[in-house]
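The values are calculated or read from the model by the stated rules, or taken from the named source; none is laboratory data. Because the structure is predicted, anything quoted here is derived from the model rather than measured. Cβ atoms come from the backbone with ideal geometry, glycine included; neighbour counts cover every protein chain shown.
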Amino acid sequence: MSVPPPERSTPFFELWDALAEPDCPICVLARRRARQFMENFFYEHVNDAALRSRLRESLGFSPEALQMAAEIHDALGTSILYAALSADVARRLRGEVADSLSPAGACPLAETVRSTEANYVDTFARHYRAADLQARHAESFGLCLGHLAQVLAALSDKSLRERLRCAEAVKYARLGEELDLFEAKNDYRNHEPFGAEVDAWQRAARKFRRPECPGRPA
């Protein structure tokens, strides 16, 4: 007796919509959540004591978060935050406090991204037995390598794991063929115009992304 997919809720429909993007849907949603976190932080929480304490432990934001902060262009919020952190590091260097120069906690943005990724990985795995989701995934960009590994690990049904592996194998094989064609057409002796393979190298960067960071678009 087959097990029906679980009831569909907001995370499912967000994942469904993200499958229309030319990128890994979980990366798309994690990046969106990361942007929301940073915008909310600078708009409302620059002086929030709890968040400031977490940033003190992590010695500031990760490089990805700092890049996102630069894109938001909140110069005043960044200045307020890093003025306090700079003074704290100066006290550490002068030996006025016992803290080391190694982070004692994770960047708050990184924690938010990991939680978001885990939520959508679980959503994808729980709903993948649905035929319409399988079909939508088959027609989509697919999952990046890092999130594919996580979804495969979350799938308890061997037949579903094999179905997803086969669907993604088709995508990676096709990408490899397009990259070979892109390389061949870059030969000076070639006179054929570029086709769909023209951006294959950019798509490769997205397909081989790891989920350690929000996943900036290529």
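Restricted to helices (runs of 4 or more DSSP H) entirely inside segment 17-90, those with at least 3 residues that are modelled with pLDDT under 85 and out of contact with any strand residue (DSSP E or B) (no Cβ under 9 Å at 6 or more places or on another chain) are 63-72.
Of all residues in segment 39-59, those that are farther than 11 Å from ASP88 by Cβ have Cβ atoms under 9 Å from Cβ atoms of residues that are assigned to a helix (DSSP H, G or I) and among the basic types (Lys, Arg), 6 or more apart or on another chain, in HIS45/ARG52; VAL46/ARG52.
Regarding GLU14, is this residue of a type in the set (Asp, Glu) and at pLDDT 85 or above? In short, yes.
Would you confirm, using the coordinates I've provided, whether ALA110 is surrounded by 14 or more Cβ atoms within 10 Å (Cβ to Cβ) and within 27 Å of the chain's Cα centre (by Cα)?
Working: surrounded by 14 or more Cβ atoms within 10 Å (Cβ to Cβ): yes; within 27 Å of the chain's Cα centre (by Cα): yes.
Taking the combined requirement at face value, the residue satisfies it.
Of the residues ARG209, ARG136, which single one is among the charged types (D, E, K, R), closer than 17 Å to GLU21 by Cβ, modelled with pLDDT of 95 or more and surrounded by 12 or more Cβ atoms within 10 Å (Cβ to Cβ)?
Working: ARG209 fails: modelled with pLDDT of 95 or more.
From the options ARG209, ARG136, the qualifying one is ARG136.
Out of all the residues in segment 113-126, is one or more more than 17 Å from GLU14 (Cα to Cα), buried (at least 17 other Cβ atoms within 10 Å of the Cβ) and in contact with a Ser or Thr (Cβ under 9 Å, 6 or more places away or on another chain)? Looking for residues that are more than 17 Å from GLU14 (Cα to Cα), buried (at least 17 other Cβ atoms within 10 Å of the Cβ) and in contact with a Ser or Thr (Cβ under 9 Å, 6 or more places away or on another chain), one finds none in segment 113-126, hence no.
Scan ALA75, ALA20 and give me the residue that is surrounded by fewer than 16 Cβ atoms within 10 Å (Cβ to Cβ), among the aliphatic types (A, V, I, L, M) and closer than 30 Å to ARG126 by Cα.
On the way: ALA75 fails: closer than 30 Å to ARG126 by Cα.
Answer to the selection: ALA20.
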